[in-house]
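Taken together, the values in this text are just the output of simple stated rules run on the coordinates, not laboratory data. Model, not experiment: these values are computed from the prediction. When we count neighbours, we look across all protein chains shown, and the Cβ atoms used for this are built from the backbone with ideal geometry, even at glycine.
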Amino acid sequence: MKIMIIGAGQMGSGIAQVCAMNGYEVFLHDLTLELVEKGRNGIKKQLQRQIEKERLTEQDADRFLQRIQTSTELRNAKNADIIIEAAVENMEVKKNLFTKLDSYAPAHAILATNTSSLPITEIAAATNRADKVIGMHFMNPVPVMKLVEVIRGLATSQETFDKVYSLAESLKKTAVEVNDFPGFVSNRILMPMINEAIYTVFEGVATPEDVDEVMKLGMNHPMGPLTLADFIGLDTCLAIMETLHEGFGDDKYRPCPLLRKYVKAGWLGKKSGRGFYRYSK
Ligand code: NAI
């Protein structure tokens, strides 16, 4: 089975790595060769770390990398059995991609999206194969996190659901079935907490370090919400809050102005070198 992954950012490259490590042939696709190579080099570094920890042999790492071909041509979808889209969290971008993928991919191919919150049903409506469109929501970092939310759109067929559920299991993940509703389960619960943590900083109640400390030591969370927000990407956090706000029409989901300000400043979290904390690149 050949898997094409659209977007070689943090999520796309993580998904590509896990697919290659579990025996699948992968096309990793992004807008430019530079972006795909950046993603592939990230995977190389990850595997290198596993070799250093003696969890992986050099031969295996080479074998995994050889399974990942790079792509900057969306037409390569013609060779894929399943396409997992992990481009930016933007409905117009995703709809546009799905319309094109629908025209290039073979009739049997499943079109999955790793969206964090956008309606699967609306993305499916941009294609002529809504029965084969589904949400396959991995968690970050993909090689470490066990969960995949498998999200049924309104028209997703049982066959598509079963195939994607089995694919998740073959990647050694635990799949959970979820219906198409804003934020699904994971981000409907997680993101309002992160947004509230940002409000806490915005209103001067505590520093980011102290907010994180309270949630780590007080609630036994492995990571504070602001550190987690930086890992997710503040642009992605903002996009998810906007989807929740619009989808539920309730002001309790209003994105914190400080989150908007950081995103406007280009402080996107770990991936840009600065968010609530600073990171050396
Ligand atoms: P990212 O910013 O690291 O990567 C996005 C990649 O998509 C970039 O390399 C960009 O060049 C590429 N891209 C943008 N437009 C494209 C197009 N038209 N065609 C091909 N490639 C395109 O973002 P990240 O974090 O990897 O997120 C990707 C998706 O995964 C989003 O939908 C996000 O909501 C979702 N997601 C993110 C999680 C996270 O913790 N960051 C967790 C689970 C899902």
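Key figures for this structure:
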item: Crossing angle, helix 186-202 versus the chain [Cα axis fit, 0-90 degrees, rounded to tens]; result: 30 degrees
item: Virtual spin-label span in nm between Arg254 and Leu147, 7 Å along Cα→Cβ; result: 2.8 nm
item: Angle between the chain longest axis and helix 33-52 axis [Cα atoms, degrees, rounded to 10]; result: 80 degrees
item: Long-range Cα-Cα pairs in the range 37-153 (distance over 20 Å), rounded percent; result: 51 percent
item: Antiparallel bridges, percent of DSSP beta bridges restricted to the chain (to nearest 5); result: 20 percent
item: Check: the chain dipole with +1 on Lys, Arg Cβ and -1 on Asp, Glu Cβ, in debye; result: 640 debye
item: Proximal aspartates and glutamates to Lys270, defined as alpha-carbon separation beneath 13 angstrom and excluding residues fewer than eight positions away on the same chain; result: Asp230, Asp235
item: Mean Cβ neighbour count within 10 Å, used as a protection proxy, ranking 102-113, 261-272 highest first; result: 102-113, 261-272
item: Neighbour-count order for Lys2, Lys146, fewest beta carbons within 10 angstrom listed first; result: Lys146, Lys2
item: Contour minus Cα-Cα distance for Asn128 and Glu177 (0.36 nm per residue); result: 15.3 nm
item: Volume of the Cα convex hull of the chain, divided per residue and given in Å³; result: 130 Å³
item: Rounded Å value of the spacing that divides the Cα centres of the range 49-79 and the range 236-260; result: 36 Å
item: Estimated translational D of the range 171-281 in µm²/s (Stokes, Kirkwood radius over Cα pairs; 37 °C; 0.692 mPa s); result: 225 µm²/s
item: Segment Lys38-Ala265, extension gain: residue separation times 0.36 nm, minus the distance between their alpha carbons; result: 79.4 nm
item: Extension gain from Ala155 to Met219, taking 0.36 nm per residue of separation minus the Cα-Cα distance; result: 19.1 nm
item: Theoretical FRET efficiency, 1/(1+(r/R0)^6), r = Cβ-Cβ of Ile51 and Ser170, R0 25 Å, to 0.05; result: 0.55
item: The chain, relative contact order in percent, only Cα pairs under 8 angstrom and at least six apart counted; result: 13 percent
item: Nearest-0.05 FRET efficiency for Met1 and Asp60, computed from C-beta distance (R0 22 Å); result: 0.65
item: Rounded tilt (10° steps) of 91-104 against the dominant C-alpha axis of the chain; result: 10 degrees
